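Colleague: Here's a structure for you.
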Amino acid sequence: MYCNFTIVIPNKDQKGDLIDQQTLDAIRGKTIDSFHQLFGGCTSGPVRGSWINEKGEEMHEEGFIVWSTTTQDDVHAKRTELNDLLKMIHAELDQEAVYGGTALGFSAALMPSNQSLFSLETMFPELREDWEEIMKGLPRATPRE
């Protein structure tokens, strides 16, 4: 079955400070190069996002999205490399979480919290083991109440 594997690269660190352009360009380049090696190519571009922080404030940021069309089997086979890529983005951009996943009529978040597995567990239980392997070793965030 075909799916899109996607990673979103934020432009702010976990404190809300802008990441310098040189660092962002380097991470974007590494991510695109990784997608070329892992999936044979990718599509990428700017995105905008927003969320409500722990203080109830609406936060906005510009990001960069990278995605490739691939197969579930390909994601399974490359889960170690995907884990390494997510850990690199997490560390180098000082993130609380790194969001990404596959689109099969749903979306999931690859983030340092077991709560991100809800859609996989309920809709595609056969993928749960793959996502757990990809997330293995990522620093854990404290779940919000």
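Colleague: Can you tell which of Gly41, Gly45, Gly63 is surrounded by fewer than 18 Cβ atoms within 10 Å (Cβ to Cβ), in a loop (DSSP other than H, G, I, E, B) and either modelled with pLDDT of 95 or more or not hydroxyl-bearing (Ser, Thr, Tyr) (or both)? Outline the logic, then answer.
Modeller: On the way: Gly45 fails: in a loop (DSSP other than H, G, I, E, B); Gly63 fails: in a loop (DSSP other than H, G, I, E, B).
Answer to the selection: Gly41.
Colleague: Here's a check for you: in the stretch 8-32, which residue that is assigned to a strand (DSSP E or B) and aliphatic (A, V, I, L, M) is farthest from Val75 (Cα to Cα)?
Modeller: Of all residues in the stretch 8-32, those assigned to a strand (DSSP E or B) come to 8-10, 12, 18.
Now narrow it down to the ones that are aliphatic (A, V, I, L, M): 8-9, 18.
On the way: Val8: 17, Ile9: 19, Leu18: 31 Å.
My answer is Leu18.
Colleague: Follow-up. State whether the residues of the stretch 18-29 include one that is loosely packed, with under 13 Cβ neighbours inside 10 Å, out of contact with any helix residue (DSSP H, G or I) (no Cβ under 6 Å at 6 or more places or on another chain) and closer than 16 Å to Glu96 by Cα.
Modeller: Yes - at least one qualifying residue is present in the stretch 18-29.
Colleague: Here's a follow-up. What's the number of the condition Gly137 fails, among (1) small (Gly, Ala, Ser); (2) at pLDDT 65 or above; (3) in a loop (DSSP other than H, G, I, E, B); (4) on the phi > 0 side of the Ramachandran plot?
Modeller: (2) is the only condition that Gly137 fails.
Colleague: Looking at Lys55, is it in contact with a Ser or Thr (Cβ under 9 Å, 6 or more places away or on another chain), modelled with pLDDT of 80 or more and on the phi < 0 side of the Ramachandran plot? Step through it out loud before you land on a result.
Modeller: Values: in contact with a Ser or Thr (Cβ under 9 Å, 6 or more places away or on another chain): no; modelled with pLDDT of 80 or more: yes; on the phi < 0 side of the Ramachandran plot: yes.
Spelling it out, it is not the case that Lys55 is in contact with a Ser or Thr (Cβ under 9 Å, 6 or more places away or on another chain), modelled with pLDDT of 80 or more and on the phi < 0 side of the Ramachandran plot.
Colleague: Can you report the number of residues in the stretch 75-87 which are touching a residue at least 60 places away in the same chain (Cβ under 8 Å) and not β-branched (Val, Ile, Thr)?
Modeller: Pass one, the stretch 75-87, residues touching a residue at least 60 places away in the same chain (Cβ under 8 Å): 75, 82, 85-86.
Now drop any that are not not β-branched (Val, Ile, Thr), which leaves 82, 85-86.
Looking only at that region, the number is 3.
Colleague: Within the set of pairs 6+ apart or on separate chains, which have a first residue in the stretch 48-68 that is in contact (Cβ under 8 Å) with a residue 24 or more places away in the chain and closer than 25 Å to Asp20 by Cβ, a second that is of a type in the set (Phe, Trp, Tyr) and part of a strand (DSSP E or B), and C-beta atoms under 7 Å apart?
Modeller: Met59/Trp51; Trp67/Phe5
Colleague: In the list Phe35, Phe5, which residue meets the criterion of being in a helix (DSSP H, G or I) and under 14 Å from the mean Cα position of the chain (by Cα)? Please lay out each step first, then the result.
Modeller: Details: Phe5 fails: in a helix (DSSP H, G or I).
Just one listed residue meets the conditions, Phe35.
The values are calculated or read from the model by the stated rules, or taken from the named source; none is laboratory data. In this text, all values refer to a predicted model and were calculated from it rather than measured experimentally. Neighbour counts run over all protein chains shown; Cβ positions are idealised from the backbone, glycine included.
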